[in-house]
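A short write-up of the structure that comes next.
The values are calculated or read from the model by the stated rules, or taken from the named source; none is laboratory data. All values derive from a computational prediction rather than experimental measurement. When we count neighbours, we look across all protein chains shown, and the Cβ atoms used for this are built from the backbone with ideal geometry, even at glycine. Keep in mind that these areas ignore ligands, DNA and RNA; they rest on the heavy atoms of the full protein, side chains included. Shrake-Rupley method; radii C 1.70, N 1.55, O 1.52, S 1.80 Å.
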Amino acid sequence: MKSITTKPIDWDGIKRELSGIEIITDPVQVAKLSLDYYHFSPILQTKLKHKKGDLVVRPIDETEVIKIAQKCVKYKVPLTVRGAGTGNYGQCIPLHGGVILDTTRMNKIPSIKPGVAIVEPGVKMAAFEKISTDIGWELRMVPSTYRTATIGGFIGGGSAGLGSINYGQLRDRGNLHAVRVVTLEDEPRVLELRGDEVQKVNHAYGTNGIITELEIPLSPLYPWAEIIVVFDDFTSAAKFGQALSDSDGLMKKLVSIHAAPIPSYFTALSSYIPKGKHCALVMLAEFCLEPFQDLVGEYNGQITYHKTTEEGNKGTNIAEFTWNHTTLHARSVDPNITYLQTFFFTLDLVEQMYAHFGDEVMMHLEFLRVGGKAIPAGLQLVRYTTEERLNEIIRYHEERGAFIANPHTYILEDGGRKTIEPEQLQFKKMVDPYGLMNPGKMRAWMEK
Ligand SMILES: Cc1cc2nc3c(=O)[nH]c(=O)nc-3n(C[C@H](O)[C@H](O)[C@H](O)COP(=O)(O)OP(=O)(O)OC[C@H]3O[C@@H](n4cnc5c(N)ncnc54)[C@H](O)[C@@H]3O)c2cc1C
């Protein structure tokens, strides 16, 4: 392995060689574009708040990306790619300074056809769907940040979201068809990865090449209605969530369950969720409403809000209270709240944890498909006290069979993946021989 040089970096030379490409050097702007939503974690807050890059470049196409890659290799400067910077674990925060490559001007959509589209990485998901829905298609899954987040950033750092109840996670075969990546070799190349090969860069935090184009599968668009159902007890709400997720005859996009007192953090929804109630936030095909009402009745729920498809963008958007937006709302009321990401696999385990932790770990579930089965994944809200206690809570879950994708670390392997596929490490050796891409994030590389 070759290493990053310790010689002082000739920033003036780099800027000169990058002339023609938009460069941001204003320190306030650079500092802002160095960070993401790492502050959801009190542990990352202290570790990352002072990290920043030296300059930001904003290429408009692949040719400019290649030029930036060449200069970073020539000067042995770290390069960190950034989409909209909405990641939660400091994925796009440069630990060792260097160049930040902001993709948001690479926002062209070369092709959208029924079932598949080709996009540049900086395309924002909501902007994409404004166009794709005109021909009756939408993205298979989106994070709750879909209005601002980029497609490249979702692939680089995201995992699942609205739509995952039907299509699983981003890493599942078929959810990403192909990518083009620019390497950081002495002579940067453009590689096209198709099929299973895409896993070499999927969810790699931008450590394995710069994605310049993606081919993504789409989902047929249904007339989604937004619905809130309230329940007197959490068990009924959770069982309702599982039953709805398992109901193959009911088309849905979102099954999000919140134990009291979480709904009390949803100020804009307060008139629909009486104090002390537990709730389900659901996106359901409008034409499934009648059988859905029967299911609600079976679990003693009560529908308190129904926004029809025609009402579209009017009023409140319930998606922005689900997934990690739940944490955002809770933290805006109580900044001491943080969160966990947990695969429970069964409702029994959910119930056990709910009973054990009470108000310290407030239960928030998102249902998604894993290996063909609908399972509850927790994005529980935690009343944070100390790092030791947080680790104790994590351990308690793990010892009882839950899988925690720890959101309090910026290391790839210590978060969701736990291990790096050998092929990802092999690929990094080839495409980033100097270890310049987002250095400090891939443990396997550092240990090597
Ligand atoms: C309130 C809130 C709610 C959220 N909800 C969800 C959710 O429902 N589901 C979910 O999965 N995530 C969620 N997230 C996390 C994040 O918003 C999403 O993962 C989002 O898709 C990231 O997109 P971005 O453009 O902001 O990426 P960034 O944060 O800018 O980047 C993410 C990672 O991808 C890498 N990257 C970006 N572009 C490229 C590229 N072109 N080539 C190579 N690497 C690249 C970056 O280096 C970084 O490591 C949430 C975050 C917040 C703050």
*What aspartates and glutamates could a cross-link reach from Lys200, if we take a straight Cα to Cα line under 12 Å and drop same-chain neighbours fewer than 8 places away?*
Glu192, Glu421, Glu423
*Ignoring ligands, DNA and RNA, what percent of the 1.4 Å accessible area of the chain is carbon and sulfur?*
50 percent
*Name the residue farthest towards the positive end of the dipole of the chain from the options Tyr146, Met251, Thr308, assuming +1 on Cβ of Lys and Arg, -1 on Cβ of Asp and Glu, about the Cα centre.*
Tyr146
_Amide hydrogen neighbours beyond the local backbone of Val116, cut-off 5 Å, H modeled_ = Leu218
*Highest mean first, what order results for 167-173, 395-401 on Cβ atoms within 10 Å?*
167-173, 395-401
*Lys and Arg at +1, Asp and Glu at -1: add these up for the other residues within a Cβ distance under 13 Å of Tyr339 and post the number.*
-1
_Eligible lysines near Lys373 by straight Cα distance, threshold 19 Å, same-chain separation 8 or greater_ = Lys239, Lys252, Lys253
*Leaving out same-chain residues fewer than 8 places away, which aspartates and glutamates sit with a Cα under 18 Å from that of Lys113?*
Glu129, Asp134, Glu138, Glu213, Glu215
*Accessible surface, per residue, of the stretch 338-448 when the full set of protein chains is kept, probe 1.4 Å, Å²*: 40 Å²
*For the stretch 187-192, take each phi angle, set θ = phi - 60°, evaluate the Karplus expression 6.51 cos²θ - 1.76 cosθ + 1.60, and give the result in whole Hz per residue in order, putting x for glycine and proline.*
10, x, 10, 10, 10, 10
*Choose one of Asn438, Tyr354, Gln293: the residue whose Cα lies farthest towards the positive end of the charge dipole of the chain (beta-carbon charges +1 Lys, Arg; -1 Asp, Glu; about the Cα centre).*
Asn438
*Shape of the chain, Cα gyration tensor, a/c cut at 1.5*: prolate
*Over 23 Å between C-alpha atoms is what I'm after, so list which of Lys7/Lys51; Lys74/Lys428; Lys32/Lys448 land there.*
Lys32/Lys448
*Can you list the residues, at least 5 places off or on another chain, whose amide H is less than 5 Å from the amide H of Met437, using H built in the peptide plane?*
Leu79
*asked:* Can you show me the helix-derived [θ] at 222 nm for the chain, built from DSSP H runs with n ≥ 4 at -39,500 (n - 2.57) apiece and divided by the number of residues, rounded to the nearest 500.
replied: -8000 deg cm²/dmol
*What net charge is computed for the residues neighbouring Glu215, neighbours being all others with C-beta under 11 Å from the C-beta of Glu215, Lys and Arg scored +1, Asp and Glu -1?*
+1
*Computed FRET efficiency, Cβ-Cβ of Thr267 and His306, R0 30 Å: what is it to the nearest 0.05?*
0.90
*³J(HN,Hα) across the stretch 44-58 via Karplus (A = 6.51, B = -1.76, C = 1.60, θ = phi - 60°), whole Hz, x for Gly/Pro?*
5, 3, 6, 6, 10, 4, 9, 6, 7, x, 9, 7, 10, 10, 10
*Express the accessible area of the stretch 111-220 per residue in Å², computed with a 1.4 Å probe while the remaining protein chains stay in the model.*
34 Å²
*Does the stretch 193-322 classify as rounded, prolate or oblate by the C-alpha gyration tensor (a ≥ b ≥ c root eigenvalues; a/c under 1.5 gives rounded; else a/b over b/c gives prolate, otherwise oblate)?*
prolate
_Please report, ordered by residue number, every helix of the chain (full DSSP H runs) that is 27 Å or longer along its axis going by C-alpha atoms and whose mean Kyte-Doolittle hydropathy reaches 0.0._
none
*Among Val179, Val431, Val116, determine the one that fluctuates most according to a GNM of the chain built with springs between C-alpha atoms less than 10 Å apart.*
Val116
*Largest-first ordering by accessible area, 1.4 Å probe, given options Ser34, Ser19*: Ser19, Ser34
_Length-normalised contact order for the stretch 111-220 - Cα pairs under 8 Å, 6+ apart - percent_ = 34 percent
_Please give me the summed charge of the neighbours of Gln302: other residues whose Cβ is under 10 Å from its Cβ, Lys and Arg +1, Asp and Glu -1._
0
*Using the beta-carbon distance between Phe345 and Arg105 and R0 = 51 Å, what value does 1/(1 + (r/R0)^6) give for FRET efficiency, to the nearest 0.05?*
0.75
_Amide H partners (placed H, <5 Å) of Trp137, local residues excluded_ = Leu221
